[in-house]
1. Most fluctuating residue of Gly44, Gly56, Gly16 in a GNM of the chain with Cα springs under 10 Å: which is it?
2. Read through the labelled values [x] 14.0; [y] 13.0; [z] 12.4 and report the label of the one computed as Kirkwood radius over Cα pairs in Å from the structure.
3. Any idea how far apart Asp73 and Asn22 come out in nm if each label point goes 7 Å out from Cα toward Cβ?
4. Taking the Cα centre as origin and putting +1 on Lys and Arg beta-carbons and -1 on Asp and Glu beta-carbons, what dipole magnitude results for the chain, to the nearest 20 debye?
5. Residues in the stretch 23-59 near a label at Phe5, defined as backbone nitrogen under 11 Å from the 7 Å Cα→Cβ point?
Amino acid sequence: HAQVFTWGLGLEGRLGHFDSQNQHAPMQLSTEAFGGAKAILAAGGGSHTAVVTLDGALWVWGDGCWGKLGLGDLDSRQSPERVG
């Protein structure tokens, strides 16, 4: 299984752990966060994160200002949400 870990500043849910808590050590996101699919690619911005899963789905979370999550709104997400 590919694993996704996030840590650091949790503001706006940018770590994907269903909250805005800071994490001082790597914390794993469960595969259930991606609909049970295996993560194959991850990219992090300054305040948001994106993961592509083996089934080709794109998952995003974090600060949504300016529509940067690609979800059609300006809302932030505290956990991964599938695009499209």
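1. Evaluated over the chain, the most mobile residue of the options is Gly56.
2. Of the listed options [x] 14.0; [y] 13.0; [z] 12.4, [z] comes from this structure.
3. 2.9 nm
4. Numbers: 5 positive and 8 negative charges, 41 e Å.
That gives the chain a dipole magnitude of about 200 debye.
5. Under cut-off, by backbone N: 25-29.
Read-outs: derived from the displayed coordinates by stated rules, not from any lab. Since the structure is predicted, the reported quantities are computational estimates derived from the model, not experimental observations. Glycine also receives a Cβ, built like all others from the backbone with ideal geometry; neighbour counts cover every protein chain displayed.
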